[in-house]
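I have placed the structure first, in the form of C-alpha cells, so that the comments after it can refer back to it.
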Amino acid sequence: ALPSTLCPPTPPLQLRAHPVERRTHMVSHQRGMTVTKTLREGEAEPHCWSFSYGWAELQGLLLEGASLLLLRVLACRRVVPPGLVFPTIDTEGHLCTSSY
C-alpha cells in the first residue's frame, strides 16, 4: 500500500543556457613544451593555468590524435603488446601515462 502522505509533484527543472568554453594551447620550445588551459563559463572572466614540461619528461609523448590512430592499428592487428605505456597529457593539462 502507498503511504497516505504523498508529496505534490514538483515542477520540471528549468535550465538556462550556460556556455562553457575550454581551450588547450600547446607550445613547443627549446626547453620542452608549455601547455596552457583556458576555461570560461558564461560571461565570466576566463581562468588560465599553465604547465611546463622538459623534453626528458616528454620522451615518447603520445597526443590525442596519435592515440586514436594507435588504437585503430591495435584493433586491426587484434593484438596489444604487453606493457604498452606512453606519457600523455590529460584533460586538465597534467602529464600522466596511458596504458594499452
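The values are calculated or read from the model by the stated rules, or taken from the named source; none is laboratory data. These numbers were taken from a predicted model, which means no experiment stands behind them. Please note: Cβ atoms are built from the backbone with ideal geometry, for glycine as well, and neighbour counts cover all protein chains shown. Quick note on the areas: whole protein, heavy atoms, side chains included, nothing else; ligands and nucleic acids left out. Shrake-Rupley method; radii C 1.70, N 1.55, O 1.52, S 1.80 Å.
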Criterion violated by Glu41 - all others in (1) in contact with a Lys or Arg (Cβ under 9 Å, 6 or more places away or on another chain); (2) modelled with pLDDT under 95; (3) open to solvent by 60 Å² or more (accessible area, probe 1.4 Å) satisfied: (1)
Given (1) among the hydrophobic types (A, V, I, L, M, F, W, C); (2) open to solvent by 70 Å² or more (accessible area, probe 1.4 Å); (3) out of contact with any strand residue (DSSP E or B) (no Cβ under 6 Å at 6 or more places or on another chain), index of the condition Leu70 fails: (2)
Residues of the range 81-100 satisfying the condition of being part of a strand (DSSP E or B), within 19 Å of Phe51 (Cα to Cα), without any contact (Cβ under 8 Å) to a residue 24 or more places away in the chain and not β-branched (Val, Ile, Thr): Cys96
The range 77-100: number of residues that are open to solvent by 60 Å² or more (accessible area, probe 1.4 Å) and of a type in the set (A, V, I, L, M, F, W, C): 3
Of residues in the range 24-49 being of a type in the set (Gly, Ala, Ser) and either in contact (Cβ under 8 Å) with a residue 24 or more places away in the chain or in the same structural domain as Phe86 (by the TED database) (or both), the one nearest to Leu84 (Cα to Cα): Gly32
Given (1) open to solvent by 90 Å² or more (accessible area, probe 1.4 Å); (2) hydroxyl-bearing (Ser, Thr, Tyr); (3) modelled with pLDDT of 90 or more, number of the condition Thr10 does not satisfy: (3)
Answer residue from the range 44-59, given it is surrounded by 10 or more Cβ atoms within 10 Å (Cβ to Cβ) and touching a Pro at 6+ places or on another chain (Cβ under 8 Å) and is nearest to Pro19 (Cα to Cα) among those: Leu58
